[in-house]
Amino acid sequence: MLLVIVDQDRGVLDELSLQAITFANSVDPSAPLVGLVVGASGREVADTLGRFGFTDVYLATAPDLNDYSAAACGRAAAELVSTLAPTAVIAIGSQRGNEILAHLGAILGLPVATECTSLSLGSPTHVVRARWAGNLMESAELHGSPAICSVVSHLAPPAAAMNQTALVTEFFPNFTDTDLAGQVRSRIAESEGGTSLADAKVIVSGGRGVGAEGFGPLEELAHLLAGTVGCSRVVTSAGWRPHAEQVGQTGTKVAPDLYIACGISGATQHLAGCRNSKTIVAINTDPDSPIMAVADYAIVGDLHQILPALVAATRTARGI
Amino acid sequence: MEILVCIKRVPLSGAKFSLTADGRDIDTSRLGFTVSPHEECAVEVAVRLVEQHGGSTTVLSLGVEDAEEQIRDALAVGIDEGILLVTDGEEWDAQATAGAIVDAIAESGKSFDLILFGNESADASGNQVGIRVAHALSRPTLSGLKGVQVSDGVLVGERPAGSVREVFEVSLPAVATVKDGAAIPRYPSVPGRIRAKKKPVHRSTPTRPLSLLAKQSVSVPESVGKQTKILGSGPEGISALVDVFRSIGVI
Ligand SMILES: Cc1cc2nc3c(=O)[nH]c(=O)nc-3n(C[C@H](O)[C@H](O)[C@H](O)COP(=O)(O)OP(=O)(O)OC[C@H]3O[C@@H](n4cnc5c(N)ncnc54)[C@H](O)[C@@H]3O)c2cc1C
């Protein structure tokens, strides 16, 4: 039996978690799939999970658990592990998925393999996992049972819905005060309007080569292409642009239709965030910079000359 | 307030990783070293909290002798003292690392009110050392924070989640894992560097337990060999680029 942790937020299913179901099925197609949903607000989510192939779904609730708590999710999973003895516990490699598994591993005293791309169960279990945000792959042995793993997001497609239902069982884990203390207390709406980086179809991104005062033409071009501005870490750590615009390993991972990298060298940690863009354009003075190796198109030259002219030409092409 | 920040020395590669001959690790012979931006932010958060509330800060790293460089970098931006848990360079998995940190905290004789980590290390990306330490010390933990405040003995943490920011509150003593963006790290000043040389760095040499997540080998993923089309040098490439915009349907 495989246990899949399905995240939900105030009654809304986390779509990424559906990828963990597909991954679990590929690990052991013959094993029954059991799902865990935490929080009374997830009752409807739990009721509809059967269609994704679960035989059983467990819903963990407590009167004092009113919102998401990573520690509480880990505790609930630990209780299920002790009653059901699954061979593996699988979650999606999102912030929540990974932190829930970390709590589970800490409670059970077991190792956790995050960001896996492959898992073959046994003793020991063999995993392949992403280090350096996917710039390096690691083969490793994972000892102990169950195998606790998260799967890299966007590796597997989301599970398809079928005409099926599962038995939903509510249970009441023994949450500690500490588990309950970690709940979300409130939410604040993010102030910035406009398209968020992760959803943008076009990103005009700037690096050190742009300079503190140079982002005007990038904003104009982004506006003309109905996109948004991104940047490298050099730019955010200099305080030129807000961190919400940073693309890369410790910023946002993006996959727009068009990514225009202006004055960005293409360090592995930056590429980790933009490599999956459909089309990459580089504008750089250095024809040997690493960004050139991943770009589909490039203009070699000074962005301070190229960008204003590109803005004008784009405006003309759009007839405005 | 007493704060501990835990950091990890990692190689800094530019374009692509090259591997050692046995395929078990990155060839670091020609690389510089650094810590993750997450940890740089954790250090900055610690320094700011103590500037605001008073107290003292300690930085800890488990790593090779040369990790003293990363400890001194943290001392140069205002951390008061360092702890180096010296290893022989073999990989310590997250459980082993957390265990060594818990032991070092006990040995330090300090009762840190707040223990800060990066959300995940740059290299292993395990996402779990801080949370494991919190469980071992029976403390509450908040992870993935991009905003950290303390008021009246309460840790208030924030992090983005879709179109909102989630807000958390737990009482100190607590553990928090921090992400890049939580603060803009300051650069070390020259006097800061000089002061850092005189600050104490305590050493101990923990014994590595068997890894339960044991790295066997590493590989660099095949990059999709792209044919880069150079559209031109300088402004001469612009009309071709506008044609590209048109052909992929963004104008
Ligand atoms: C663990 C870790 C995580 C990291 N995470 C991230 C991350 O999330 N995102 C990120 O971006 N970085 C990240 N970094 C930092 C990364 O390693 C690089 O330092 C950074 O991406 C470099 O930014 P850059 O390309 O803007 O600057 P540089 O590397 O300095 O490159 C500047 C480029 O601009 C070009 N240039 C200069 N002037 C001009 C001009 N006038 N016209 C055209 N081109 C010009 C130069 O040829 C050069 O290629 C991380 C590092 C570590 C260790």
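The values are calculated or read from the model by the stated rules, or taken from the named source; none is laboratory data. Just so it is clear, the model here is predicted, and its values are computed rather than measured. Neighbour counts are summed over all protein chains in view; Cβ atoms, including those assigned to glycine, are modelled from backbone coordinates with ideal geometry. The protein model used for the area step is the full one, side chains on, heavy atoms only, and it has no ligands, DNA or RNA in it. Shrake-Rupley method; radii C 1.70, N 1.55, O 1.52, S 1.80 Å.
Brief remarks on what is shown
- Solvent-free Debye calculation, one equal scatterer per alpha-carbon of the range A:1-139: log10 I(q)/I(0) at 0.12 Å⁻¹ equals -0.44.
- Accessible area per residue for the protein assembly as shown, computed on protein heavy atoms with a 1.4 Å probe, is 40 Å².
- Amide hydrogen neighbours beyond the local backbone of B:SER18, cut-off 5 Å, H modeled: B:ASP27
- Inverting the pair-averaged 1/r between distinct Cα atoms of the range A:97-238 gives 20.1 Å as its Kirkwood hydrodynamic radius.
- The mean number of Cβ atoms from other chains found within 10 Å of a Cβ in peptide A:122-135 is 4, as a whole number.
- Among beta bridges from DSSP that stay inside the range B:2-223, the antiparallel ones total about 40%.
- Using only alpha-carbon positions in the protein assembly as shown, the gyration tensor eigenvalues give semi-axes of 37, 31, 23 Å once each is multiplied by 5 and square-rooted (largest first).
- Only Cα pairs under 8 Å and 6+ residues apart enter the sum, and on that basis the relative contact order of chain A stands at 15 percent.
- Helices in chain B, meaning DSSP H runs of at least 4 residues, each add -39500 (n - 2.57). Divided by all residues, the mean residue ellipticity at 222 nm is -8500 deg cm²/dmol.
- With all projection directions averaged, the alpha carbon convex hull of chain A covers 18.6 nm².
- Cα pair count fraction exceeding 16 Å, expressed as % - the range A:202-318: 54
- Shielding of B:106-117 by partner chains, average beta-carbon count, 10 Å: 0
- Between the listed residues A:VAL57, B:TYR187, A:GLY301, the Cα displaced farthest toward the positive end of the dipole of the protein assembly as shown, a dipole computed from Cβ unit charges relative to the Cα centre, is found at A:GLY301.
- Radius ratio Rg over Rh of the range A:85-154, counting only Cα atoms, Kirkwood formula for Rh: 0.94
- Expressed to the nearest 5 percent, the antiparallel share of DSSP beta bridges inside the range B:1-70 is 40 percent.
- Net charge dipole size for the protein assembly as shown [Lys, Arg +1 and Asp, Glu -1 on Cβ; Debye, nearest 20]: 840
- Antiparallel beta bridges, as assigned by DSSP with both residues in the protein assembly as shown, represent about 35 percent of the total such bridges.
- Whole-number Å³ per residue for the convex hull built on Cα positions in the range A:22-98: 98
- Gyration tensor (Cα) of chain B, equivalent ellipsoid semi-axes in angstrom: 36, 25, 19
- Across the range B:1-136, the convex hull enclosing all Cα atoms gives 107 Å³ per residue.
- Reduction of at least 40 Å² in accessible surface, 1.4 Å probe, comparing all protein chains with the chain by itself, residues of the range B:154-169: B:ARG159, B:VAL164, B:ARG165, B:GLU166, B:VAL167, B:PHE168, B:GLU169
- Most mobile listed residue (B:SER223, B:SER13, B:SER171) in chain B, GNM with C-alpha springs under 10 Å: B:SER223
- Shielding by other protein chains, A:231-243, mean Cβ within 10 Å: 2
- For chain A, the membrane-span-like helix rule (DSSP H, alpha carbon extent of at least 18 Å along the helix axis, mean Kyte-Doolittle at least -0.5) picks out A:70-84, A:95-108, A:303-317; this says nothing about an actual membrane.
- Seen from all directions on average, the range B:138-243 presents a Cα convex hull projection of 16.5 nm².
- Estimated buried accessible area (total), pair B and A, 1.4 Å, Å² to nearest 100: 6700
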